[in-house]
Amino acid sequence: MSYHDANLPAGSRPDTVATGLRSGAEAVQAALSLAERRFQATFLHAPVGIAHVGMDGSFLMVNPRFAEITGYSAEALMRTGFQAITHPEDLNADIGLLARLTGGELPRYTMEKRYLRADGSFIWVNLTVAMARDEAGTPDFYVAVVEDMSEMRQAHFDAIHDPLTGLLNRRGFTAHAQRMVQHAAHEGQWLSIAYLDLDGFKALNDLFGHSVGDNCLVDIARLMEAMARPHDAIARMGGDEFVLMMPTLAANEATSLVERMRKGLADLGDDYPGISGSFGLLTLMPDAQADLFALVARADAAMLLAKRTGKNQVVVAPSE
């Protein structure tokens, strides 16, 4: 009996041990192969975008859905990094969260952001990022999971916007304007509300048809947007009625802005005969108990007075 044989368990033969070792190795290999196939199937067919991102932001791996969402081929993505396809307005927030993740402050992070697609458009996504570490615990790469939010955001947009003009609808205005009233009350700021009802709109529809009337409403919406400030809220309340909420504007400033709108609207009479606008304007510094609907009703009442006393004018509601 050889020295090696003497150290084998009783009843064991070298060929039996070798067979057992081979069998164990084959089982481990089979398990690894199965795990690899499952990973590949998940990675390739996942309904969400998945990317492995290097510590410098470069793409190491992307699945087909990620390429589909961004509009780039996998090869094009691998030549760049997430910074290049992230909307500039979202990049700093993303990098800031990534730094906190790398520093161990966060186990992962989730944010809504925009990707710049290959065709020049952008798409909203829900991004979740986690970090993979190597055996020594050193940061190795990031795992990013991306869900296309465009349909959900479009549905939300449609729910709060007027389909004809693209302005806020009554529902969208109510939600937005309530926050503006609360903010003005909290900060002790002026707030102005203008209510517009078109003069001569029914006659225009009857004479030229609803397609001309629709074009008129769209042109008026664009006129109001062009003259309003970026943070003002404009809504089509229905039919030929519009409302404009202007934070931080005192009475004289608001009157000047609305008067310019009235004149601009009257100038549309060349394209839409008989069209002008009656405006009611309310300016106040709301308190914590201010009710949006009561405020809008006061601007509406001033508009009705403008209608009754000659039309095509701005009537300022009493401050009370």
Original post:
How far apart, in nm, are two points set 7 Å out from the Cα along the Cα-to-Cβ line at ARG229 and at SER121?
Top reply: 3.4 nm
Original post:
Hey, what angle do you get for helix 210-227 against the long axis of the chain, alpha-carbon based, 0 to 90 degrees rounded to 10?
Top reply: 80 degrees
Subject >> Residues GLN189 and SER211, FRET efficiency given R0 of 41 Å [Cβ-Cβ distance, rounded to 0.05] >> reply: 0.45
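Would you please calculate the Kirkwood hydrodynamic radius of the chain over all C-alpha pairs and express it in Å, rounded to one decimal? List each step's numbers first, then the result.
Numbers: mean 1/r = 0.0399 Å⁻¹.
Over the chain, the inverse of the mean reciprocal pair distance is 25.1 Å.
Please work out how much length the chain gains when fully extended from ARG108 to PHE43, using 0.36 nm per residue of separation minus the C-alpha to C-alpha distance, in nm with one decimal. Could the numbers behind the result be given before it?
Details: separation 65, 0.36 × 65 = 23.40 nm, distance 1.95 nm.
Computed gain between ARG108 and PHE43 is 21.4 nm.
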**OP:** Would you pull out the residues with amide H under 5 Å of ALA250's amide H, same chain only if 5 or more places away, H placed 1.01 Å from N?
**Re:** none
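Please give the contour-minus-distance gain from MET152 to ALA297: 0.36 nm per residue of separation, less the Cα-Cα distance, rounded to one decimal in nm. Show your work: numbers first, answer last.
Details: separation 145, 0.36 × 145 = 52.20 nm, distance 3.32 nm.
Full extension of this stretch gives 48.9 nm more.
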Subject >> 10 Å-binned pair-distance histogram of region 173-320 (Cα, whole percent) >> reply: 12, 44, 32, 11, 2
Subject >> In nm, spacing of pseudo-spin labels at ALA74 and THR138 (7 Å Cα→C-beta vector) >> reply: 2.8 nm
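Tell me whether region 33-125 comes out rounded, prolate or oblate; compute the Cα gyration tensor, take square roots of the eigenvalues as a ≥ b ≥ c, and use a/c under 1.5 as the rounded threshold. Intermediate results must be reported in sequence, preceding the final value.
Numbers: a/c = 1.89, a/b = 1.19, b/c = 1.59.
Verdict is oblate for region 33-125.
Got a number for carbon plus sulfur as a percent of region 176-320's accessible area, 1.4 Å probe? List each step's numbers first, then the result.
Numbers: 3670 of 6840 Å².
The C+S portion of the solvent-accessible surface of region 176-320 is 54 percent.
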Original post:
Could you give me the ³J(HN,Hα) list for region 143-156, computed from phi with Karplus coefficients 6.51, -1.76, 1.60 and θ = phi - 60°, whole Hz, x at Gly and Pro?
Top reply: 10, 10, 10, 10, 10, 6, 9, 5, 5, 5, 5, 5, 4, 5
Subject >> Cα-based Lys proximity count in the chain, under 17 Å, for pairs eight or more positions apart or on separate chains >> reply: 4
Original post:
What part of the accessible area of region 37-110, given as a whole %, is carbon or sulfur when the probe is 1.4 angstrom?
Top reply: 58 percent
Original post:
Ignoring ligands, DNA and RNA, what accessible area per residue does the chain give at 1.4 Å, in Å²?
Top reply: 55 Å²
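Provide the gained length on full extension for the span ARG260 to ASP56, in nm with one decimal, where the gain is 0.36 nm per separating residue minus the Cα-Cα distance. Provide the component values of the computation, followed by the final result.
Values: separation 204, 0.36 × 204 = 73.44 nm, distance 5.23 nm.
Extra length available between ARG260 and ASP56 comes to 68.2 nm.
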Subject >> Label-zone membership for region 161-189, site ALA250, 7 angstrom Cα→C-beta point, backbone N under 14 Å >> reply: 189
Subject >> Mean Cα-pair separation over length for the chain, i.e. relative contact order, pairs under 8 Å, 6 or more apart, % >> reply: 13 percent
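Let me have the 222 nm mean residue ellipticity of the chain computed from DSSP H runs of 4+ only, each contributing -39500 (n - 2.57), with the sum over all residues rounded to the nearest 500.
Numbers: 12 runs with 156 residues, N = 320.
Calculated from helices alone, the mean residue ellipticity at 222 nm is -15500 deg cm²/dmol.
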Subject >> Charge context of PHE173, other residues only, Cβ under 10 angstrom, K/R +1, D/E -1 >> reply: +2
Original post:
Which net charge results when you count Lys and Arg as +1 and Asp and Glu as -1 among the other residues whose beta-carbon is under 12 Å from that of ASP267?
Top reply: 0
Subject >> Cα-based equivalent ellipsoid, region 88-203: semi-axes from gyration tensor eigenvalues, Å >> reply: 42, 20, 11
**OP:** Mind giving me the nanometre distance, one decimal, between the label points for ARG100 and LEU164, set 7 Å out from Cα along Cα→Cβ?
**Re:** 4.5 nm
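The values are calculated or read from the model by the stated rules, or taken from the named source; none is laboratory data. Small disclaimer: the values here were computed from a predicted structure and weren't measured. A quick note on method: Cβ atoms are made from the backbone with ideal geometry, for glycine too, and the neighbour counts reach across all protein chains shown. Quick note on the areas: whole protein, heavy atoms, side chains included, nothing else; ligands and nucleic acids left out. Shrake-Rupley method; radii C 1.70, N 1.55, O 1.52, S 1.80 Å.
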